[in-house]
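First the structure, then my questions, so here it is.
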Amino acid sequence: MIKNDEPVISPITRVVYTIFIVLVVSVYSLTVFIDVYSPGVIDKRIMKWRTNAAVIFSTDPSARGGKK
Amino acid sequence: MGILLISAAIKLLISVTVFSLLVAAAWGLGDWILAFIEKEAKVFSRLSRVLISVNLGLGVIGQFVFIAGLIGDAYQPKFIWPSLIILAFLGIMRFKIKNPVSVLETGSQEFSKKELFIIALTVISLVIWLYAAISFTRGSDVISHHYQHVKECIKLGHFGHVVTLPSGYDQGSNYNPTLVHMHYLIGKILSDDRAANLIHWLSQVMLLMAIYVISRDFISRHVAVMAIAIYLGFSLLFNFPTDVNDYTALTVFMLISLYLIFLYNKTRVMGILLLAGVFAGLMLSTKYYGIPLMMALCLPLTFWNSRGIQDRLKEVFIFCTVALIIYSPWVIYNLKEFGDPLYPSLSNIEYMKYWAAFGRENTLFPFIAPTDHGYFWPNIFYFLSMFIPFEPGFRVSGLTPIFLIGLPASFYYLIRMRGEQWKTVNMLFIMSLVAFIAIEVSGGPFLFYKFGIFAGVLYAISLSSIFISWQRDKRQWIWTAVIVVATLNTFFAIKHISAQLQYPPLWHQEYLWNPLEKYLNGNLEKGAVVANHDIHTNYYLRPDIHGLPSHETSTDWDKEEAMIRSAHVQYYVFRVNEEMGNASYFEKMINVLDRLSAHERAASTRKLLELYGERTRRQELFLQKFGHVVKELPGEIKIYRLLDQS
């Protein structure tokens, strides 16, 4: 049985962690609601963003017009 | 109409009866085997005894069915009906002696409101999945892979494989060890899909039970309920209950093996270590992913064991040896049949080369249809999408965002927290990391989606332990987050699943047939051989029609033509739209590659498109020369009757 045995954490860390939790759950909830009520909206945005990101971040040289 | 309904009701009743008989047989058999171990000491909690008995019985029955299918034509109702009835009768007789209700008692601790809410959510999910199970399924892998293989084994009368065009190989995944298919086979040979669906539904129940039992018996009841709540937040939930698969059964075998390892570390009863090995063997017999997971299972015996190094190694050796003995029928079959113990993993065969060649380009799929991951993604976003699925395709496969919240805490606790009470928590975290990495490496990158479940359930238990240990005010926060995610996911799942729930349980499978399936089943003569290029259509063909489906887009017409001749194909289904669709897929791929300045790959794909065009031209010439159209169906489908090729 696990007893309450928390490590001591600074107030700043606690605030940052709380914001992180709220942010993650909010983004998740938003994506679910948008997907349910406006299917395809996120897809289109992600597709556009991903195509741009692909060229910048790709590890494949030929995708960046590098080594042939 | 009335007669149709009555016959549908009778068929459903038979499905439920077959499922119930199998459960009674498995439970009784497993309980009988456990009684031998408990001669040494009473070590199992009541609930864990139920969990272990049912799955042990299922495992033994599955292995036996596999071996029987290797020996001869055992896959016939006249052998399986009496065996099942006798085993079920013996099983029921065992429980006449005991009180079955007392077996399910789980202690007297009262549940809090939050816990009751999670229990209600779990029950809602299970009821919906049950409803989906007693309808005829329209999943993906279940038709193209799992039930297709079962159907072929039933048709052959013994264990074997589907032959597909153009290479003559089976669908790749069917070469995995397929213990669960042996359970589905019992359901389908004695009844229909629904008995098999129910067996898969049982694995969902067993998985929830395994998470609960392992958390409750080794950490605490509160942790157990939160771990289930976290599991309910897994995004794959709505996919798994309706697309029948083997991942959940594999996870159950893995968790039970781990439970027994923990129990062995506590009790040192050798019978328990042997039983842990048996369950690891059943895990290996379920899918190749069991092999990398063995690494995770060996960790608690190797590193979190208070005994000397020699004893530890001895225990690991015993555990692995028992697992290999249980797994050995599959290895022997592969060696004898294909000369490769892990077929096709170690073989240099053509269809593996095909996947290697096409897999690279297939990752471009998201640019063509947003359903898969692309390798142009920066990896960080790829891994992030595991927790927060940004699009429906990812939601199928994602884990819960609670894991993203928990990761910093888990790493912090791993580094800072010492002492006996944190040992199990940190060990489970490390095991989940090892399991995830091992699966990711062995399965190939960008394939995490379904495999996250193995690592995910271990991590859910570890993380719940950390959250539950927090002070009341902070715990409330995290409970809120867990409940929000679990609730959202469950209701999103219900919405998604509703498409599958439109088929009422009092139905006949024939109602699902499309016009092509209706025509082929209604008009083809007994024993007809039909090549149809669609593995789904093949599944719905009458058992006496021999179907040659395809599950790949090939550019090699020579090979296909040779197979058509050698298999004496009489009917050939030609889909104009499919041919055009494949060509258009390649064209879109080339456009995307050009847009990304990946000119080399664009050129190679253009070459592929040319080869595919050439193949289609030769296919059309062949059909004009050796066949005539007997039927045209909507969607530009033409059914050719081929001349005798011999």
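The values are calculated or read from the model by the stated rules, or taken from the named source; none is laboratory data. Quick caveat: nothing in here was measured; it's all calculated off a predicted structure. Cβ atoms come from the backbone with ideal geometry, glycine included; neighbour counts cover every protein chain shown. Ligands, DNA and RNA are stripped out before the accessible areas are found, and what is left, the full protein with its side chains, is counted by its heavy atoms. Shrake-Rupley method; radii C 1.70, N 1.55, O 1.52, S 1.80 Å.
Hey, B:Gly527 hits all of (1) open to solvent by 20 Å² or more (accessible area, probe 1.4 Å); (2) outside any loop (DSSP other than H, G, I, E, B) but one; which does it fall short on?
(2)
Restricting segment B:332-343 to residues that are open to solvent by less than 40 Å² (accessible area, probe 1.4 Å) and more than 20 Å from the chain's Cα centre (by Cα), which is nearest to B:Ile67 (Cα to Cα)? Step through it out loud before you land on a result.
Let us first name the residues in segment B:332-343 that are open to solvent by less than 40 Å² (accessible area, probe 1.4 Å), namely B:333-334, B:340, B:343.
With the extra rule that they be more than 20 Å from the chain's Cα centre (by Cα), the set shrinks to B:333-334, B:340.
On the way: B:Tyr333: 9, B:Asn334: 13, B:Asp340: 18 Å.
The qualifying residue nearest to B:Ile67 (Cα to Cα) is B:Tyr333.
Answer with yes or no whether B:Met580 is among the aliphatic types (A, V, I, L, M), surrounded by fewer than 18 Cβ atoms within 10 Å (Cβ to Cβ) and assigned to a helix (DSSP H, G or I).
On the way: among the aliphatic types (A, V, I, L, M): yes; surrounded by fewer than 18 Cβ atoms within 10 Å (Cβ to Cβ): yes; assigned to a helix (DSSP H, G or I): yes.
Taking the combined requirement at face value, the residue satisfies it.
Something else: Run B:Glu632 past the list (1) open to solvent by 30 Å² or more (accessible area, probe 1.4 Å); (2) in contact with a His (Cβ under 9 Å, 6 or more places away or on another chain) and report the number of the one that doesn't hold.
Result: B:Glu632 passes all but (2).
Please determine whether any residue of segment B:217-237 is open to solvent by 10 Å² or more (accessible area, probe 1.4 Å) and in contact with an Asp or Glu (Cβ under 9 Å, 6 or more places away or on another chain).
yes
So, B:Leu593, is that one at pLDDT 85 or above and among the aliphatic types (A, V, I, L, M) or not?
Working: at pLDDT 85 or above: no; among the aliphatic types (A, V, I, L, M): yes.
No, not satisfied.
Could you tell me which numbered condition B:Leu623 fails, if it satisfies all but one of (1) over 27 Å from B:Gly139 (Cα atoms); (2) part of a loop (DSSP other than H, G, I, E, B)?
(2)
Please go through segment B:452-493 and pick out each residue that is among the hydroxyl-bearing types (Ser, Thr, Tyr) and either facing chain A (nearest Cβ under 8 Å) or within 16 Å of A:Ser26 (Cβ to Cβ) (or both).
Taking segment B:452-493 first, the residues among the hydroxyl-bearing types (Ser, Thr, Tyr) are B:459, B:462, B:464-465, B:469, B:480, B:487, B:490.
Of everything in segment B:452-493, those that are among the hydroxyl-bearing types (Ser, Thr, Tyr) and either facing chain A (nearest Cβ under 8 Å) or within 16 Å of A:Ser26 (Cβ to Cβ) (or both) turn out to be B:Ser465, B:Ser469, B:Thr480, B:Thr487.
Does B:Gly139 satisfy the criteria of being under 16 Å from the mean Cα position of the chain (by Cα), outside any helix (DSSP H, G or I) and not β-branched (Val, Ile, Thr)?
On the way: under 16 Å from the mean Cα position of the chain (by Cα): yes; outside any helix (DSSP H, G or I): yes; not β-branched (Val, Ile, Thr): yes.
Against the criterion (under 16 Å from the mean Cα position of the chain (by Cα), outside any helix (DSSP H, G or I) and not β-branched (Val, Ile, Thr)), B:Gly139 qualifies.
Using the structure shown, decide if B:Lys474 is assigned to a helix (DSSP H, G or I) and at pLDDT 90 or above. Give the derivation first.
Numbers: assigned to a helix (DSSP H, G or I): yes; at pLDDT 90 or above: no.
So B:Lys474 fails the test.
Please pick out the residue among B:Lys638, B:Lys559 that is open to solvent by 30 Å² or more (accessible area, probe 1.4 Å), more than 30 Å from B:His146 (Cβ to Cβ) and not hydroxyl-bearing (Ser, Thr, Tyr). Spell out the reasoning first.
Details: B:Lys559 fails: more than 30 Å from B:His146 (Cβ to Cβ).
Going through B:Lys638, B:Lys559 in turn, the sole match is B:Lys638.
Of everything in segment B:173-213, what is touching a residue at least 40 places away in the same chain (Cβ under 8 Å) and polar (S, T, N, Q)? Give them in sequence order. Working first, answer last.
Kept after step one, since they are touching a residue at least 40 places away in the same chain (Cβ under 8 Å), are these residues of segment B:173-213: B:175-213.
Scanning segment B:173-213 gives B:Asn176, B:Thr178, B:Ser191, B:Asn197, B:Ser203, B:Gln204.
Test of understanding: among B:Ala9, B:Ala41, which residue is aliphatic (A, V, I, L, M), surrounded by fewer than 18 Cβ atoms within 10 Å (Cβ to Cβ), at pLDDT below 95 and assigned to a helix (DSSP H, G or I)? Spell out how you get there, then give the answer.
Numbers: B:Ala41 fails: assigned to a helix (DSSP H, G or I).
Result of the check over B:Ala9, B:Ala41: B:Ala9.
Which number in (1) open to solvent by 60 Å² or more (accessible area, probe 1.4 Å); (2) within 14 Å of another protein chain (Cβ to nearest Cβ) marks the one condition that B:Pro515 misses?
Going through the list (1) open to solvent by 60 Å² or more (accessible area, probe 1.4 Å); (2) within 14 Å of another protein chain (Cβ to nearest Cβ), B:Pro515 breaks only (2).
Could I ask something else about it? Any residue at all in segment B:448-455 that's open to solvent by 50 Å² or more (accessible area, probe 1.4 Å), aromatic (Phe, Trp, Tyr), at pLDDT below 85 and under 24 Å from the mean Cα position of the chain (by Cα)?
Looking through segment B:448-455, at least one residue is open to solvent by 50 Å² or more (accessible area, probe 1.4 Å), aromatic (Phe, Trp, Tyr), at pLDDT below 85 and under 24 Å from the mean Cα position of the chain (by Cα).
While we're on this one: Scan segment B:257-275 and give yes if some residue there is closer than 20 Å to B:Ile214 by Cα, touching a His at 6+ places or on another chain (Cβ under 9 Å) and open to solvent by 10 Å² or more (accessible area, probe 1.4 Å), otherwise no. Write out each step before concluding.
Filtering segment B:257-275 down to residues closer than 20 Å to B:Ile214 by Cα leaves B:257-275.
Keeping just the survivors that are touching a His at 6+ places or on another chain (Cβ under 9 Å) gives none.
Checking segment B:257-275: not a single residue is closer than 20 Å to B:Ile214 by Cα, touching a His at 6+ places or on another chain (Cβ under 9 Å) and open to solvent by 10 Å² or more (accessible area, probe 1.4 Å).
Looking only at residues in segment B:155-170 that are buried (at least 21 other Cβ atoms within 10 Å of the Cβ) and out of contact with any strand residue (DSSP E or B) (no Cβ under 8 Å at 6 or more places or on another chain), which one is nearest to B:Leu282 (Cα to Cα)? Write out each step before concluding.
Going residue by residue through segment B:155-170, those that are buried (at least 21 other Cβ atoms within 10 Å of the Cβ) are B:159, B:162, B:164-166, B:169.
After this cut, where a residue has to be out of contact with any strand residue (DSSP E or B) (no Cβ under 8 Å at 6 or more places or on another chain) as well, the list is B:159, B:162, B:169.
On the way: B:Phe159: 18, B:Val162: 24, B:Tyr169: 26 Å.
Here the residue is B:Phe159.
Next question. Are any residues in segment B:494-512 within 27 Å of B:Ala195 (Cβ to Cβ), within 12 Å of chain A (Cβ to nearest Cβ) and either in contact with a Pro (Cβ under 8 Å, 6 or more places away or on another chain) or not polar (S, T, N, Q) (or both), and if so, which ones? Steps first, please.
Of the residues in segment B:494-512, the ones within 27 Å of B:Ala195 (Cβ to Cβ) are B:494, B:496-512.
Then keep just the ones that are within 12 Å of chain A (Cβ to nearest Cβ); that gives B:494, B:496, B:498.
Answer for segment B:494-512, where residues must be within 27 Å of B:Ala195 (Cβ to Cβ), within 12 Å of chain A (Cβ to nearest Cβ) and either in contact with a Pro (Cβ under 8 Å, 6 or more places away or on another chain) or not polar (S, T, N, Q) (or both): B:Ile494, B:His496.
So B:Ala120 clears everything in (1) open to solvent by 20 Å² or more (accessible area, probe 1.4 Å); (2) small (Gly, Ala, Ser); (3) at pLDDT below 90; (4) out of contact with any Asp or Glu (no Cβ under 8 Å at 6 or more places or on another chain) except one condition, right? Which one?
(3)
So, one more: Here is a list: B:Gly91, B:Gly62, B:Gly69, B:Gly57. Which entry is among the small types (Gly, Ala, Ser), part of a helix (DSSP H, G or I), open to solvent by less than 50 Å² (accessible area, probe 1.4 Å) and modelled with pLDDT under 95? Break it down stepwise before answering.
On the way: B:Gly62 fails: modelled with pLDDT under 95; B:Gly69 fails: modelled with pLDDT under 95; B:Gly57 fails: modelled with pLDDT under 95.
Result of the check over B:Gly91, B:Gly62, B:Gly69, B:Gly57: B:Gly91.
Go through segment A:21-35 and give me each residue that's within 7 Å of chain B (Cβ to nearest Cβ) and of a type outside the set (D, E, K, R). Break it down stepwise before answering.
The first filter runs over segment A:21-35 and keeps only residues within 7 Å of chain B (Cβ to nearest Cβ), leaving A:21, A:24-25, A:27-29, A:31-32, A:35.
Correct list: A:Ile21, A:Val24, A:Val25, A:Val27, A:Tyr28, A:Ser29, A:Thr31, A:Val32.
Just to be sure I understand, how many residues within segment B:591-608 are in contact with a Ser or Thr (Cβ under 9 Å, 6 or more places away or on another chain) and away from chain A (no Cβ under 14 Å)?
Here the count works out to 1.
Quick one: B:Ile326 ticks every box in (1) surrounded by fewer than 19 Cβ atoms within 10 Å (Cβ to Cβ); (2) under 21 Å from the mean Cα position of the chain (by Cα) except a single one, so which number is it?
Unmet condition: (1).
Among the acidic types (Asp, Glu), assigned to a helix (DSSP H, G or I) and at pLDDT below 90 - does that describe any residue in segment B:344-362?
First, the residues of segment B:344-362 that are among the acidic types (Asp, Glu): B:350, B:361.
Adding the requirement that they be assigned to a helix (DSSP H, G or I) leaves B:350, B:361.
With at pLDDT below 90 added as a condition, the list becomes B:350, B:361.
For segment B:344-362, residues among the acidic types (Asp, Glu), assigned to a helix (DSSP H, G or I) and at pLDDT below 90: present.
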